[in-house]
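K.L.:
Sharing a structure below in structure tokens format, with a few things to ask.
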Amino acid sequence: MGETENHHHHPPPPQAAAPPAAPPSLALSRGPTWTPAEQLHQLQYCIHSNPSWPQALLLAFQHYIVNLGTTVLIASNIVPLMGGTHGDKARVIQALLFMSSINTLLQTLIGSRLPTVMGASIAYTLPLFSIINDYNDEDFASPHDRFVHSMRTIQGSMIVSSFLNIILGYGRAWGELTRFFSPIVVVPVVCLVGLGLFARGFPLLGNCVEIGLPMLILLMICQQYLKRIHSRAHLILERFALLLCIGIVWAFATILTVSGAYNNVKPATKQSCRTDRSFLMSSAPWIKIPYPFQWGTPIFRASHVFGMLGAALVSSAESTGTFFAAARLSGATAPPAHVLSRSIGLQGIGMLLEGLFGSLVGTTASVENVGLLGLTHIGSRRVVQISTAFMIFFSIFGKFGAFFASIPLPIFAAIYCILLGIVAASGITFIQFANSNSMRNIYVLGVSLFLGLSIPQYFVTSRTFDGHGPVRTNAVWFNDILNTIFSSHTTVAIIVGTLLDNTLEANHVEDRGIPWWKPFQHSKGDVRTEEFYSYPLRINEYLPSRFL
């Protein structure tokens, strides 16, 4: 039957509205994301690969020069307060360099096995001030006698306090402590290893801006921009720009000195800017071999021994943070707990040797030398071992060593502005192994970083001119321990970060980066551990397994 005229077509049923399209992921619009990398791949030579011998010698000399700055700074600040002469300062610098070479060689061979220079530690300053203050009230025949008496007391204090590091290290206690770390703790610890030394940067550079600022700018331009001119220039400037810039600015400072630019300035400006104000060339002996008890028989005083214990603990904490940075910048994996233990134990043995040989302060892993690994992109262990030969040579032949030790300190400060920044930035990279979007992790990181900067700043600014800190009880040794510990940025970061990270609840262990962290806490946890940290020359076969 055909359609009737009353028949109407019904409209199709309305279709359900399509759901609104999901907004595009912002991550997709920003390009690819970078997967976590346990080792840096931009290094030209990693921990166990070596450049040619001529290049290795020049790179090793750079490590010597960088380490020299802190050594001269500590000796120049402390020796005059002890009553020492310019000749005494030269001998102290020689002893510091000699012990730095011995401890560096030991650490790279049977300690951490990382390419770290062991340099003079500023953590020992407060205990030294206590010794200086005690002897200022006593009568001596001459200021030199007071200096020698102070050095003998320092020797005795270091000999006894060295056993703290030996026990913590070889007793495996230090390694057990690091098992409580996670990437969330390592970030502020390594960051503050570099940032905590900010006083050695621009504040020291500002003492002579006309020398320090050109050094800072010239190093940036030569090392980062001029290397693009030619492939040959790229290789030379990236690796050796530091030496080139030091030579140019040092010559400029010499010209200013000779021309009389600093004849009518303040004494402090002369001390910082002139190239003839160290008085090391005239006072350093031609040949002087440091030997045990060179200042005399050690003096043991309980109050000073206890005060030095705090410095020994702080130097261990700072070395630990520096070892993590060194592993990162040399192409190695994170140092396992047993490696950190044996390195701290060996640092204690080194401190014992320093007490025997009469060093002014103990040593710690040099932060600035680790920054040099990142600046040159060369993390070779052999280069650092070769640098010990320069340290030994210039510590014995004093006149030659004094020539380089007379480089104005603002030049070193300009170098530190870059090297310490590289180390601080390497600490930030550890966050890639944890959840950086976790509010809990942000809390731990923020509080650890802020208190790690703020608490030591309070202790430093509250310190009087004679070295007394804010903790002032009747027990001087107790004051020294607390004031030393809480004046260390790294130590405060370890305390705050470890407590917060292990007591605040996390949604998942993956948020804290524990799955990445755990394999590095055991000697057999990662197949690469043996490659980077095993003893040389089959020493493993002759040592008890508990020390491996």
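The values are calculated or read from the model by the stated rules, or taken from the named source; none is laboratory data. These numbers were taken from a predicted model, which means no experiment stands behind them. Here the Cβ positions follow ideal geometry from the backbone for every residue, glycine too, while neighbour counts run over all protein chains shown. Remember, those area values only see protein heavy atoms, side chains included, never the ligands or the DNA or RNA. Shrake-Rupley method; radii C 1.70, N 1.55, O 1.52, S 1.80 Å.
K.L.:
Return, for the Cα atoms of the chain, the radius of gyration and Dmax in Å, separated by a comma.
P.N.:
27.5, 137
K.L.:
A follow-up question, please. May I ask for the net charge around VAL190, where only other residues with Cβ less than 14 Å from the Cβ of VAL190 are counted and Lys, Arg are +1 while Asp, Glu are -1?
P.N.:
Its environment carries a net charge of 0.
K.L.:
Compute the long axis of helix 367-376 from its Cα atoms, compare it with the longest principal axis of the Cα atoms of the chain, and write down the angle in degrees, 0 to 90, nearest 10.
P.N.:
Orientation of helix 367-376: about 60 degrees from the principal axis.
K.L.:
At a 1.4 Å probe radius, which order do TRP295, TRP53 fall into by accessible area, largest first?
P.N.:
In descending accessible area the options line up as TRP53, TRP295.
K.L.:
Pull up the cross-link candidates among the aspartates and glutamates for LYS266, meaning alpha carbon to alpha carbon under 20 Å and not fewer than 8 places away within one chain.
P.N.:
By straight Cα distance, LYS266 reaches GLU210, ASP276.
K.L.:
To continue, here is another question. May I ask you to give the solvent-accessible area per residue for the chain, in square angstrom, as obtained with a 1.4 angstrom probe?
P.N.:
The answer is 44 Å² per residue.
K.L.:
Then there's this: Could I have the simple spin-label model distance between VAL258 and ALA233, label points 7 Å from Cα toward Cβ, reported in nm to one decimal?
P.N.:
About 2.8 nm separates the two model spin labels.
K.L.:
Cα atoms only, region 198-341: Rg and Dmax in Å?
P.N.:
21.7, 62
K.L.:
Next question, about the same structure. Between region 243-276 and region 408-480, how far is it from one alpha carbon centroid to the other, in angstrom?
P.N.:
32
K.L.:
Could you give the distance between the Cα centres of region 312-344 and region 482-509, to the whole Å?
P.N.:
17
K.L.:
Pop out the carbon and sulfur fraction of the accessible area of region 46-205 as a percent, whole number, probe 1.4 Å.
P.N.:
Reported share for carbon and sulfur atoms: 69 percent.
K.L.:
Give the aspartates and glutamates reachable from LYS288 as a straight Cα distance under 14 Å; neighbours fewer than 8 places away on the same chain don't count.
P.N.:
In chain and number order, the partners are ASP88.
K.L.:
Once both labels are modelled 7 Å past Cα along the beta-carbon direction, what's the ALA475-ASP134 spacing in nm?
P.N.:
Between ALA475 and ASP134, the simple spin-label model gives 1.6 nm.
K.L.:
Can you tell which of LEU280, LEU356, HIS48 lies farthest toward the positive end of the dipole of the chain, using +1 and -1 charges on the Cβ of basic and acidic side chains (Lys, Arg; Asp, Glu)?
P.N.:
Value computed over the given set: LEU280.
K.L.:
Estimate the FRET efficiency between VAL460 and GLN294 by the formula 1/(1 + (r/R0)^6), using the beta-carbon distance for r and 41 Å for R0, to the nearest 0.05.
P.N.:
Given R0 = 41 Å and the Cβ-Cβ separation, E is 0.80.
K.L.:
Do the alpha carbons of any pairs in LYS270/LYS399; LYS227/LYS518; LYS89/LYS270 sit beyond 30 Å of each other, and which pairs?
P.N.:
Too far apart for the 30 Å limit: LYS227/LYS518.
K.L.:
Over the Cα atoms of region 301-429, Rg to Rh with Kirkwood Rh, two decimal places?
P.N.:
With Rg and the Kirkwood Rh in hand, the quotient comes to 0.98.
K.L.:
Show me, bin by bin at 10 Å from 0, the whole-percent P(r) of region 153-271 based on Cα pairs.
P.N.:
10, 21, 23, 22, 20, 5
K.L.:
Further question on the same structure: How about the chain: what cysteines have no other cysteine beta carbon under 4.7 Å from their own?
P.N.:
CYS46, CYS191, CYS222, CYS245, CYS417
K.L.:
Then there is this: Given an 8 Å cut-off on Cα distances and at least 6 residues of separation, report the relative contact order of the chain as a percent.
P.N.:
Relative contact order here is 30 percent.
K.L.:
If I fit a long axis through the Cα atoms of helix 302-329 and take the longest principal axis of the Cα atoms of the chain, what angle between them do I get, 0 to 90°, rounded to 10?
P.N.:
It works out to around 40 degrees.
K.L.:
How many percent of the accessible area of region 376-439 is carbon or sulfur, using a 1.4 Å probe?
P.N.:
After summing per-atom areas, the C and S share lands at 72 percent.
K.L.:
Further, regarding this structure: When only Cα pairs under 8 Å and 6 or more residues apart are kept, what is the percent relative contact order across region 228-354?
P.N.:
Taking the mean separation of contacting Cα pairs over the length of region 228-354, I get 11 percent.
K.L.:
Using only Cα atoms, find the angle between the long axis of helix 381-396 and the longest principal axis of the chain, and express it within 0 to 90 degrees, rounded to the nearest 10.
P.N.:
So the inclination is approximately 20 degrees.
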